[in-house]
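Step one of this worksheet: look at the structure below.
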Amino acid sequence: MQPWEDNSVEILEIEVPNEKLVDAHDLVVFNDDVNTFEFVIQTLIDVCKHTPEQAEQCTLIIHYKGKCSVKKGSFDELRPMRDAITDRGIGAAIV
């Protein structure tokens, strides 16, 4: 490197509003021994607007891991979905 060459690096900062950080919640669905795969899959399609493939993958994770985050968003966005899922007898929580 020659003394006249400039190898400085410009660092760019991205500002993220605090509200986006605070409103990041997960809708988690829990495994149980009562509901069938088909019922949970159909619930995720109806309530969370998942594709059939996405709902099936989430249901497999729920079965084998005990729980799965099925949707991300603000608490106010997720609350009606949680309520609809629990109204169908499936355990769910917003974390």
Here segment 36-52 yields Karplus 3J(HN,Hα) values (6.51, -1.76, 1.60; θ = phi - 60°; whole Hz; Gly and Pro given as x) of 7, 4, 4, 5, 5, 4, 5, 5, 5, 5, 5, 8, 9, 6, 6, 6, x
When the scattering of segment 31-95 is computed by the Debye formula from its Cα atoms alone, each counted once and equally, what is log10 I(q)/I(0) at q = 0.13 Å⁻¹?
-0.29
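No lab work stands behind these numbers, since they all come straight from the coordinates. The shown structure was predicted, so the numbers you read here are calculated from the model rather than taken from an experiment.
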